[in-house]
Amino acid sequence: MGMDDPESGRKVVLPEKYYLTYFLDLVRFVEKHSSHLLDCDDRAFLDQFFSLSENGQSLYIRLVNRKGLFFREGKLNYAEIDISSAIHELSSDGFISPVLTGTEELIRLFTKAELVANYSALELPKKIKKEELYFELISNGDFQPLVTNYSIICVEHQEAIEYIKMLFFGHYNAQMTEFVVRDVGHVKLEDLSKHRFKPWFSSLEESKAVFDISQIKSEAIKKLRIFPASALHEVLMDLEFPRFQRFASSQTVLDKFLLTVAKQLEREKEPELALFYYEKCFDHPSRERRVRLYFLLNEIDEAERLAEKILQKPRNASELTFAIDFLQKPKKKILRSTTRKLQNTGKSITVKPDTCRKVESIAIEYFTDRGYQGIHGENYLWNNLFGLTFWYELLDSSFDTYHHPLQRTSSDIHKQDFFCNRKLQLKNRLDTIRTRKSWLADVGQLIEEKTGISNQFVYWHTDIRSHMSTMLKYMPLKGAKLMMMEMAKNLKENRKGFPDLLVWKDDEYCFYEVKSPNDQLSAQQLFWIDFMQSHKISADVLKLKYIESLRQIN
């Protein structure tokens, strides 16, 4: 396999059986670091896999790395593998099995012409579209001609493979392409060879809970594309909620799943059922949705109690803003804090409308015409400053948040533990910065040493050095440090919602959140504007007014 190296432009040629090497490396890593998470069945599978010949192992890994469980034997073509011998071995040892009964999943293994030929008795239209053809054949329900006329195989033990991959990557349905991306140079990774790797899961019970709920979620999401969420309720009622809620890792997967179901139930006008699932969620926006549904169902006292609870301990800016607004006028139409901010404050400019350009570009042109300079930086500016400032703190492995050598950032980056664990280290790092000049020098040195290395917060823009220089030149040192610490308190939410533009001229500067006449301010945008203003960082809303007359603009 050959791919171009983005730096040198030369083609990187991977070894002939690179995919097998990657899988064997993965298994060895799991056996070394997570052997306690392998049960008897997992070990039996691995023993059986290692008893295969290299030829058999190669074809099996080729198949499990591809999408789906079914494959046409006649379409398998890998130059480095003796296909016939491998199929015989894998079939004999139970790694693949012949498909003898037709199923609708087989349809997509065939071209339109092949399907029309196999179902000539149906007298299908010659110009039928492929998706229409699929619908006709599924409606017909007879898939036996496909297994009668072709040799089709099914891959077995897919669950065992997915579980072992999950022990390495930490999540279900992980892709082995991460190894390829590393080796062909598409992503430069920080050297983690000296890191201490900790297993993703503390016990077999935890890892199996995560795997089981991940499987359930994956299958249910597929069904939601076909069936209404209410149709799945009886099945979901049998979920072992206490088991999946016992561990934070499985609760996270469960929350994402239940939020998807609950939101769909709301769309289906099933508020009581939606509430049932929101009540079992921890993640945002479950509490906000519960307040809204209690109010909808006329359970006003319950809605107000939960809103008060949110107000006392909000999980993010959106929750806080919602609770404030709801409790101010619980029985009337709510005038949101974001709406009040947009209506009552900010700078207004008059510009000519241009549907071909973004409002940020129009705003920058307005300022450049008046002698200013500007950057459409948005989240990029602040995330870059954060990532460069705390580069080594983010890499600290003493908190057991690194689990494999391909990892690009610590695993607690979006958890409350991140700030709780690192508060002292982050503060100490900021304490070493005495001037904006020294801060820029530190950032510049990191840019020099680390350019191109993957960091979840850093986007390696060609002008990154000048952009960081401009930020640090104008902002008050204390305010900028407080911004860094505030981001760290909740990186899942606080790494977004920053003002769109940085505009400056001479000693004047301002961060602007640009809004067209029909645009709204989000809670997170309001949070950052208020925070910046309260800490003497110049920031405001910039409201665009559109008119056609050039005389009015001037």
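Bear in mind these aren't lab numbers, they're just calculated from the coordinates by the rules spelled out. Note that this is a predicted model, so its numbers are computed, not measured. When we count neighbours, we look across all protein chains shown, and the Cβ atoms used for this are built from the backbone with ideal geometry, even at glycine.
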Problem set entry | Inter-site label distance for residue 396 and residue 540 at 7 Å from Cα along Cβ, in nm | 3.9 nm
For this session: Quote to one decimal, in nm, the extra length available between residue 365 and residue 158 on full extension: 0.36 nm per residue of separation minus the C-alpha distance between them.
Result: 69.0 nm
For this session: Output ³J(HN,Hα) for region 81-95: one whole-Hz value per residue in order, computed from phi by the Karplus curve 6.51 cos²θ - 1.76 cosθ + 1.60 with θ = phi - 60°, and x for Gly and Pro.
Result: 10, 7, 4, 4, 5, 5, 5, 4, 5, 5, 5, 5, 9, x, 8
Exercise. Using 18 Å as the cut-off for backbone N distance, which residues of region 507-529 belong to the label zone defined by a point 7 Å from the Cα of residue 263 along Cα→Cβ?
Worked result: 522-524
Exercise. Given the Cα-Cα distance of residue 282 and residue 408 and 0.36 nm per residue of separation, how much length would full extension add, in nm?
Worked result: 42.7 nm
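Add +1 for every Lys or Arg and -1 for every Asp or Glu among the other residues with Cβ under 15 Å from the Cβ of residue 125, and state the total.
Working: positive: 112, 126, 127, 129, 130; negative: 123, 131, 132, 136.
Within the 15 Å Cβ shell, the charges total +1.
Rounded to the nearest 5, what % of DSSP beta bridges with both residues in the chain are antiparallel?
Looking only at bridges with both residues in the chain, the antiparallel portion is about 60 percent.
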Seminar exercise, completed: Placing each pseudo-label 7 Å from Cα in the direction of the beta carbon, residue 41 and residue 24 end up separated by a distance in nanometres of 2.8 nm
For this session: Quote to one decimal, in nm, the extra length available between residue 305 and residue 88 on full extension: 0.36 nm per residue of separation minus the C-alpha distance between them.
Result: 71.6 nm
For this session: Give me the distance between the Cα centres of region 339-371 and region 239-260, rounded to whole Å.
Result: 44 Å
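What is the packing order of peptides 354-365, 51-62, taking the mean over residues of other C-beta atoms within 10 Å and listing the highest first?
Packing order, densest peptide first, comes out as 51-62, 354-365.
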For this session: Give me the distance in nm between label points sitting 7 Å out from Cα along the Cα-to-Cβ direction at residue 533 and residue 469, one decimal.
Result: 3.3 nm
Exercise. Excluding residue 392 itself, what net charge comes from residues whose Cβ is under 14 Å from its Cβ, given Lys and Arg +1 and Asp and Glu -1?
Worked result: -2
For this session: Would you please give the residues with an amide H less than 5 Å from that of residue 539, counting only those at least 5 places away or on a separate chain, with H modeled from the backbone geometry?
Result: 511
Seminar exercise, completed: Other residues with Cβ under 15 Å from the Cβ of residue 459 give, with Lys and Arg +1 and Asp and Glu -1, a net charge of +4
Problem set entry | Identified option (computed volume of the Cα convex hull per residue in Å³; candidates (i) 172; (ii) 160; (iii) 222) | (iii)
For this session: Name the long-range amide H neighbours of residue 514: under 5 Å, sequence gap of 5 or more, or other chain; modelled H, no Pro or chain starts.
Result: 500, 501, 542
Exercise. To the nearest 0.05, what FRET efficiency results for residue 132 and residue 437 with a Förster distance of 51 Å applied to their C-beta separation?
Worked result: 0.15
For this session: Read phi for every residue in region 122-129 and hand back ³J(HN,Hα) as whole Hz from Karplus 6.51 cos²θ - 1.76 cosθ + 1.60, θ = phi - 60°, with x for Gly and Pro.
Result: 7, 6, 6, x, 5, 9, 5, 6
Exercise. Residue by residue, what Karplus-based ³J(HN,Hα) values in Hz, rounded to whole numbers, does region 14-20 have, using 6.51, -1.76 and 1.60 with θ = phi - 60° and x for Gly and Pro?
Worked result: 7, x, 4, 10, 4, 4, 6
